[in-house]
Amino acid sequence: MTHPDIKAENKLHEGKAKVIFSTGDPALLIQYFKDDATAFNGKKKGTIEDKGVFNNEISSHVFGMLESRGVKTHFVRRLSEREMLVKKVEIVPVEVVVRNVVAGSLAKRMGAPTGQKLSEPIIELYYKDDALGDPMINRWHIRAFSLGTDEEMDVIEKQALIINTLLVEFFGGIGLTLVDYKLEFGRSPEGILLADEISPDGCRLWDTNSGEILDKDRFRQDLGNLTQSYQEVSRRVSSTVK
Ligand code: ADP
Ligand code: UDP
């Protein structure tokens, strides 16, 4: 069932993985999850059958869990298979990457072996700008280019660490190692809220026992069984709901 607000004239933004629609309430938006997948700064494109359904399901459960543990998020409720009702925010144009285990660009940057557990989490900040390829920045860039205030970034980094503790425990409980992931935050009348999505599109998730990759790296590296991996994460995440 498609929500009546999902229509062309309400389309505000079509991104790489989701479409954002306005609703009758100016404070609320609908995120529509697509099957489209991109990697390497949009150079590789494809679709993963039913990815949108699984990502909506995973993200809804994860945001619900975070809310229940006191994290302020944009999540209101899942409306249908591919639609999520969220609070409208002004996205802070800084992607917050949190890392627990060495992988991806960190392995290259530090010359460290993929899979090495970090003694403590790392927070990295990237300028959210597709045309520039999301370059890495730091708090000095954020101040000098007015991307956010020090107060906002203090809240965001503090929240990111709390979220990380909760997510590591949550995924650990369903046999998944949360290697690294990207968070987005936004400004709202209620203050800074965690926004966007938390799904295998923006997280590295490895099966803790077998080491099997269950995230978008399967698409990046042409490992196959794409739908099955997203489905497996969704199955495990949904199994946590009493
Ligand atoms: P992109 O635009 O980077 O290709 P998506 O396809 O995921 O990414 O599109 C979703 C867009 O909606 C992103 O730009 C994201 O920052 C933005 N967004 C996520 N949550 C909210 C929200 N609650 N309010 C406003 N914008 C949001
Ligand atoms: N990530 C993301 N969107 C981005 C950049 C990174 O979702 O634009 C996620 C990515 O999926 C991984 C983590 O952030 O889980 C760290 O990514 P990394 O810097 O290693 O970049 P990659 O090697 O994936 O390009």
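The values are calculated or read from the model by the stated rules, or taken from the named source; none is laboratory data. All values derive from a computational prediction rather than experimental measurement. Here the Cβ is made from the backbone with ideal geometry for all residues, glycine too, and neighbour counts use every protein chain on show. Note: accessible area is taken over every heavy atom of the protein model, side chains too, but ligands, DNA and RNA are not part of it. Shrake-Rupley method; radii C 1.70, N 1.55, O 1.52, S 1.80 Å.
In region 135-154, which residues are open to solvent by less than 90 Å² (accessible area, probe 1.4 Å) and away from ligand 1 (no atom under 16 Å from the Cβ)?
Once the filter is applied, which keeps residues that are open to solvent by less than 90 Å² (accessible area, probe 1.4 Å) and away from ligand 1 (no atom under 16 Å from the Cβ), region 135-154 yields Met136, Ile137, Asn138, Arg139, His141, Ile142, Ala144, Thr149, Asp150, Met153, Asp154.
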Within 16 Å of ligand 1 (Cβ to nearest atom), surrounded by fewer than 22 Cβ atoms within 10 Å (Cβ to Cβ) and at pLDDT 95 or above, is that true of Arg235?
-> no
Checking Val19 against (1) open to solvent by less than 50 Å² (accessible area, probe 1.4 Å); (2) within 23 Å of Ser234 (Cβ to Cβ); (3) within 16 Å of ligand 2 (Cβ to nearest atom), the condition it does not meet = (3)
When the residues of region 42-59 are filtered to those that are in contact (Cβ under 8 Å) with a residue 40 or more places away in the chain and more than 16 Å from the chain's Cα centre (by Cα), which remaining residue is least open to solvent (accessible area, probe 1.4 Å)?
-> Ile48
Among the residues of region 116-134, the number that are away from ligand 1 (no atom under 16 Å from the Cβ) and either surrounded by 11 or more Cβ atoms within 10 Å (Cβ to Cβ) or under 14 Å from Leu178 (Cα atoms) (or both) is 8
Identify, from the list Phe145, Phe171, the residue that is of a type in the set (Phe, Trp, Tyr), under 30 Å from Ser239 (Cα atoms) and more than 12 Å from ligand 2 (Cβ to nearest atom).
-> Phe171
Considering only region 117-221, give the helices (runs of 4 or more DSSP H) lying wholly within it that have at least 3 residues that are within 15 Å of Phe63 (Cβ to Cβ) and not small (Gly, Ala, Ser).
-> 150-172
Can you give me the number of residues within region 93-115 that are under 16 Å from Cys203 (Cα atoms), within 16 Å of ligand 1 (Cβ to nearest atom) and part of a loop (DSSP other than H, G, I, E, B)?
-> 0
Say we look at region 70-81 and pick out the residues that are open to solvent by 40 Å² or more (accessible area, probe 1.4 Å) and within 13 Å of ligand 1 (Cβ to nearest atom); which of these is farthest from Ile48 (Cα to Cα)?
-> Lys72
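Residues checked against (1) touching a residue at least 60 places away in the same chain (Cβ under 8 Å); (2) crowded, with 20+ Cβ neighbours inside 10 Å; (3) within 29 Å of Arg139 (Cβ to Cβ):
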site	(1), (2), (3)
Gln159	yes, yes, yes
Ile163	yes, yes, yes
Phe219	yes, yes, no
Thr227	yes, no, no
